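Q: The structure that follows is given in the form of structure tokens.
The values are calculated or read from the model by the stated rules, or taken from the named source; none is laboratory data. What you are looking at is a predicted structure, and each value in this text was computed from that prediction instead of being measured. Cβ placement follows ideal geometry from the backbone for every residue including glycine, while neighbour counts extend to all protein chains displayed. Each accessible area value is taken on the protein alone, full model and side chains, heavy atoms only, with ligands, DNA and RNA left out. Shrake-Rupley method; radii C 1.70, N 1.55, O 1.52, S 1.80 Å.
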Amino acid sequence: MEEDILYHFSLSTKTHNLPEMFGDIKFVCVGGSANRMKAFAQFMHHELKLPGIPEDIKDICEGTDRYCMYKVGPVLSISHGMGVPSISIMLHELIKLLHHAQCRDVVLFRLGTSGGVGLAPGTVVITDKAVDYSFRPQFEQIVLGKVITRSTELDEGVANELLQCSSSQNIPTVIGNTMCTHDFYEGQGRLDGALCSFSHEEKLEYLRKAYEAGVRNIEMESTVFAAMCRICGLKAAVVCVALLNRFDGDQITSPHDVLVEYQQRPQVLVSHFIKKHLGLVV
């Protein structure tokens with residue numbers, strides 16, 4: 001095509017020199033919250049000891065209110081909103097951006113929060129396989145009225161290296177399956193939503209089945225993230241902290257300062273991985 005408009009990023013191959021802007025990108029970190037991804041970009045600016053003031057970094061996507069994007073050296077930090085549809089749109093345009101910018105050997109990370117399954121709050125889960133509501137490692141996409149099934153296996157080497165990094169950072173971390181749902185309430189077996197058609201005992205039975213299937217946390221984006229990265233040949237990892245143990249309840253009751261520290265754990269872990277690959281730490 002003559003021009004490729006990355007509409008939700010407010011970028012275009014005709015109006016922007018994408019190789020010049022993004023050609024040196026080696027790591028892409030995505031997360032749901034715009035504020036959190038801005039904070040992560042500022043954190044990486046400090047960790048990489050780059051010139052300038054971290055607070056002065058600019059949102060490349062300031063022409064739209066859909067997503068935010070910050071470039072910090074070879075690191076791109078992008079928000080993706082909540083749920084499969086929102087992250088899917090972002091990923092399509094991100095993968096095209098990386099192609100147009102002629103980026104090579106890029107590693108993608110999804111940084112996020114989740115509900116733990118049999119884990120203490122604050123535990124970080126590195127995803128082995130992203131699974132659906134039936135604990136199958138697959139993502140179903142409807143294309144022209146037909147169901148297309150794609151594998152959701154993630155890069156084992158990246159996952160193991162992240163686990164090694166967690167030891168030096170003293171961050172409680174496990175590798176396990178991550179269940180991706182279409183909803184925060186009923187889809188995750190919560191009893192505290194506006195609608196609830198099941199009992200406390202039925203909820204616990206479902207969580208026990210999930211645990212037995214290797215599920216250690218629940219969120220809402222991992223399957224499409226894993227599937228799209230895999231089919232496009234991109235190394236990727238999902239790194240999410242558990243804010244609560246779903247066997248103990250549904251609502252997040254930890255104090256704000258505790259939650260802030262929990263949410264920083266995936267960022268610290270991935271930043272160490274990045275610095276290690278850049279030769280900044282041993």
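Yes or no, residue by residue, for (1) over 22 Å from Arg104 (Cα atoms); (2) modelled with pLDDT under 95; (3) hydrophobic (A, V, I, L, M, F, W, C):
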| site | (1), (2), (3) |
| --- | --- |
| Pro19 | no, no, no |
| Asp24 | no, no, no |
| Cys29 | no, no, yes |
| Met37 | yes, no, yes |
| Asp56 | yes, yes, no |
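Q: Determine if segment 178-189 includes at least one residue that is in a helix (DSSP H, G or I) and open to solvent by less than 50 Å² (accessible area, probe 1.4 Å).
A: Yes; the residues of segment 178-189 include at least one that is in a helix (DSSP H, G or I) and open to solvent by less than 50 Å² (accessible area, probe 1.4 Å).
Q: Regarding segment 115-138, can at least one residue be identified that is open to solvent by less than 10 Å² (accessible area, probe 1.4 Å) and touching a Gly at 6+ places or on another chain (Cβ under 7 Å)?
A: yes
Q: Next up: From (1) touching a helix residue (DSSP H, G or I) at 6+ places or on another chain (Cβ under 7 Å); (2) at pLDDT 95 or above, pick out the condition that doesn't hold for Leu94.
A: Here Leu94 meets the rest and fails (1).
Q: Now, a different point. Give me the pairs, please: first residue somewhere in segment 247-258 and without any contact (Cβ under 8 Å) to a residue 24 or more places away in the chain, second residue anywhere and surrounded by fewer than 12 Cβ atoms within 10 Å (Cβ to Cβ) and not aromatic (Phe, Trp, Tyr), beta-carbon distance under 9 Å, and either six or more positions apart or on two chains.
A: Once the first residue is without any contact (Cβ under 8 Å) to a residue 24 or more places away in the chain and sits in segment 247-258, its partners that are surrounded by fewer than 12 Cβ atoms within 10 Å (Cβ to Cβ) and not aromatic (Phe, Trp, Tyr) give Gly249/Asp192.
Q: If you check Leu207 against the conditions, is it among the aliphatic types (A, V, I, L, M), open to solvent by less than 20 Å² (accessible area, probe 1.4 Å) and over 18 Å from the mean Cα position of the chain (by Cα)?
A: Taking the combined requirement at face value, the residue satisfies it.
Q: Suppose we filter segment 22-42 for residues that are open to solvent by 60 Å² or more (accessible area, probe 1.4 Å) and farther than 20 Å from Ala236 by Cβ; how many remain?
A: 2
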